[in-house]
Amino acid sequence: MSADGLFLDADLGEKAYRSAMAHAVDAVLDARDDEPYSGATPDALAAELDAPVLPEDGVGLSNAIEDVAGDVLAHSVDTSHPRTAAHLQCPPMIPALAAEAMLTATNQSLDSFDQAPAATVLEGRVVSALADLFDLPSDADGVFTSGATQSNFQALLLARDRSLAEHLEYDVQRDGLPAAARDLRVVVSEEAHFTTEQAAHFLGLGEDAVVAVETDADHRMDADALAATLDHLDREGREVFAVVGTAGTTDFGAIDPLDALADAAAEHDAWFHVDAAYGGALALTDESDRLAGIERADSLAVDFHKLFFQPISCGAFLVRDGAAFRRMARTAAYLNPEAHAERGVPNLVGKSTQTTRRFDALKPYLTFRAVGRERLGALVDATLALADRTAALLADADDFELLADPSLTTVLFRYRPRERMPDAAVSDLNAAVREALLADGTALVARTDVAGVTSLKLTLLNPTATLDDVAETLDAIRAVAADVEAAGEVSP
Ligand SMILES: *Cc1c(COP(=O)(O)O)cnc(C)c1O
């Protein structure tokens, strides 16, 4: 048995680490080319990725890295490419990539202080800075998460348990759900992310516990409709335990009227959660007033792996009153014995739905420190400005139909080459265009349905992308659409 060059031990290990990291970095840089994607199909990839996963004898790190470069990196989405603009999948910033290297090499685990001393304290400092950024009070607290799925889940968990404790003196953590949980309801806008429904399922409430409120012409929750929904639920004898606002919906980037939602939640003694996974980054900019009301949230979800340009995974769950975490408190003799709490040793295991947990807080920390609020805000501003200019470009084009003025950095549109083209044909054409673009790899755009018609979406998260890049994407759409139409794949 030889472990030489496989661990970070004094001599051989250090050399091997340096050389492995350098090789990995070269492989990443060499794999980048002119196109966002190679266009490989699932079948082609299945055929290509056929090397034995666990060979009896290893091929050596250099060979394995070369294989990954050729078979995997070459067929990965180039998230740093200026024509990659499909999903909320950002180009990762270089300071965060450096942080990622440090946090994985040191392998701290945030569940207990003795596994991550400085990391535990630093995560707390980053959480405080975030609470300040969103104007939460000084007893706010929080924890890093894998993203808004986990953050939204945790919000509804605390909200559900608080409601049953305060209204029925019931301890869910100990006793599970009472029969009265059948009447619990959470309200969200009809454009909200599916993770509220998913959380309701996971929390034993069922997806039908989620009540969707109508949105206005700008896709924001309609405050009157919210009031009517809450009254209706009251009359039906339901217990609304949470009002969830969205600051930045996935398609339109719409920001709910958070102040009105905070009022409604307060009036009904419901927990007010804000899903700011996407729009939270506005807090870095001069447009932070568009988030007005977020400072009244009982909890909020922010994702750094979206408009904060951090590599996946990186999110945070913030709570207005840190004492709320007591509802998921946990003590384990091996991690955080009660004696620790008495001595003030911070063990974060009781704040998370995870046990072993990554030191993801280092990524925004290093980025914030290195770049500063002003410059980071300017990067967010650049993406907002590009979305506006893209919308203007689409509005001016005869063959495109702009579907909404951008709120954040998404732009929704359809390719409609002939004015009188029926919606069904437009749907087919745009769906085929999206498929053809992925198969071609020149530009990556997303598809979604708007008013029942298949539409295209650009999610602009790259501060280095220009209007020329967008114009090239539109040309690529025209080109593949011409091919699709010539092949007779859609009816005229
Ligand atoms: C991305 C997103 C989610 C899901 O978050 P993950 O980070 O993917 O777990 C939830 N809500 C909104 C509004 C989002 O943008």
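When the residues of region 284-300 are narrowed to those that are of a type in the set (Gly, Ala, Ser) and either surrounded by 24 or more Cβ atoms within 10 Å (Cβ to Cβ) or within 20 Å of the chain's Cα centre (by Cα) (or both), which ends up farthest from the ligand (Cβ to nearest atom)?
Only one residue tops the list, namely SER288.
For the structure I just gave you, tell me whether ALA119 is more than 16 Å from the ligand (Cβ to nearest atom), more than 29 Å from ALA223 (Cβ to Cβ) and assigned to a helix (DSSP H, G or I).
Here the answer is yes, as ALA119 does meet what is asked.
What residue, of ASP132, ASP111, is free of Cβ contacts under 8 Å to residues at least 12 places away in the same chain, out of contact with any Phe, Trp or Tyr (no Cβ under 9 Å at 6 or more places or on another chain) and closer than 30 Å to ALA341 by Cα?
None of the others qualify; the one that does is ASP132.
Out of ALA324, ALA341, which single residue is within 17 Å of SER151 (Cα to Cα) and more than 16 Å from the ligand (Cβ to nearest atom)?
ALA324
Just wondering, is there one or more residues in region 186-195 that are in contact with a helix residue (DSSP H, G or I) (Cβ under 6 Å, 6 or more places away or on another chain), in the same structural domain as THR356 (by TED's automatic domain parsing) and not β-branched (Val, Ile, Thr)?
No, every residue in region 186-195 fails to be in contact with a helix residue (DSSP H, G or I) (Cβ under 6 Å, 6 or more places away or on another chain), in the same structural domain as THR356 (by TED's automatic domain parsing) and not β-branched (Val, Ile, Thr).
Return the residues of region 312-321 that are within 11 Å of the ligand (Cβ to nearest atom) and out of contact with any Leu (no Cβ under 8 Å at 6 or more places or on another chain); say none if nothing qualifies.
Within region 312-321, ILE312, SER313, CYS314, GLY315 qualify.
Give region 69-115 a look and list any residue that's under 16 Å from HIS305 (Cα atoms), among the polar types (S, T, N, Q) and part of a loop (DSSP other than H, G, I, E, B), or say none.
THR79, SER80, GLN89 - these are the residues of region 69-115 that are under 16 Å from HIS305 (Cα atoms), among the polar types (S, T, N, Q) and part of a loop (DSSP other than H, G, I, E, B).
Mind listing whichever residues of region 301-311 are of a type in the set (A, V, I, L, M) and either on the phi > 0 side of the Ramachandran plot or near the ligand (Cβ under 9 Å from one of its atoms) (or both)?
ALA301
Do we have any residue at all in region 33-46 that's aromatic (Phe, Trp, Tyr), out of contact with any Asp or Glu (no Cβ under 6 Å at 6 or more places or on another chain) and farther than 24 Å from ARG434 by Cα?
Taking every residue of region 33-46 in turn, none turns out to be aromatic (Phe, Trp, Tyr), out of contact with any Asp or Glu (no Cβ under 6 Å at 6 or more places or on another chain) and farther than 24 Å from ARG434 by Cα.
Of all residues in region 237-261 being within 16 Å of the ligand (Cβ to nearest atom), in a strand (DSSP E or B) and of a type in the set (A, V, I, L, M), which is farthest from ALA181 (Cα to Cα)?
ILE255
Scan ASP161, ASP183, ASP141, ASP171 and give me the residue that is more than 16 Å from the ligand (Cβ to nearest atom) and under 21 Å from the mean Cα position of the chain (by Cα).
ASP141
Does ASP114 fit the bill of being more than 16 Å from the ligand (Cβ to nearest atom) and within 19 Å of GLY293 (Cα to Cα)?
no
Give region 31-47 a look and list any residue that's at pLDDT 95 or above, in contact with a helix residue (DSSP H, G or I) (Cβ under 9 Å, 6 or more places away or on another chain) and either farther than 12 Å from SER76 by Cα or part of a helix (DSSP H, G or I) (or both), or say none.
Selection gives ALA44, LEU45.
Quick one: in region 194-220, which of the residues that are touching a strand residue (DSSP E or B) at 6+ places or on another chain (Cβ under 7 Å) and within 20 Å of THR353 (Cα to Cα) is nearest to the ligand (Cβ to nearest atom)?
Taking the candidates together, the pick is THR196.
Show the residue pairs meeting these rules: Cβ distance below 8 Å; 6+ apart or different chains; first residue within region 265-283 and within 9 Å of the ligand (Cβ to nearest atom) and part of a helix (DSSP H, G or I); second residue modelled with pLDDT of 95 or more and not basic (Lys, Arg).
GLY279/THR246; GLY279/ALA247; GLY279/GLY248; GLY279/GLY253; GLY279/ILE255; GLY279/LEU291; GLY279/LEU307; GLY279/LEU408
Among the residues of region 145-156, are any in contact with a strand residue (DSSP E or B) (Cβ under 8 Å, 6 or more places away or on another chain), within 16 Å of the ligand (Cβ to nearest atom) and on the phi > 0 side of the Ramachandran plot?
Within region 145-156, one or more residues are in contact with a strand residue (DSSP E or B) (Cβ under 8 Å, 6 or more places away or on another chain), within 16 Å of the ligand (Cβ to nearest atom) and on the phi > 0 side of the Ramachandran plot.
Are there any pairs with C-beta distances below 8 angstrom linking a residue in region 56-84 that is outside the structural domain of ALA465 (by TED's automatic domain parsing) to a residue that is in a loop (DSSP other than H, G, I, E, B) and among the β-branched types (Val, Ile, Thr), with the two at least 6 apart or on different chains, and if so which?
These pairs meet every condition: ASP67/VAL59; PRO82/THR464; PRO82/THR466; ARG83/THR442; THR84/VAL77.
Of all residues in region 48-88, count the ones that are touching a Pro at 6+ places or on another chain (Cβ under 7 Å) and among the charged types (D, E, K, R).
2
Count, please, the residues in region 60-91 that happen to be within 16 Å of the ligand (Cβ to nearest atom) and over 20 Å from the mean Cα position of the chain (by Cα).
Here the count works out to 0.
Just checking, which of ARG238, ARG220 is of a type outside the set (Phe, Trp, Tyr), assigned by TED's automatic domain parsing to the domain that holds ASP275 and under 18 Å from GLU191 (Cα atoms)?
After ruling out the rest, the residue left standing is ARG220.
The values are calculated or read from the model by the stated rules, or taken from the named source; none is laboratory data. Just so it is clear, the structure is predicted and the values come from calculations on it, not from any experiment. All Cβ positions, glycine included, derive from the backbone under ideal geometry; neighbour counts span all protein chains shown.
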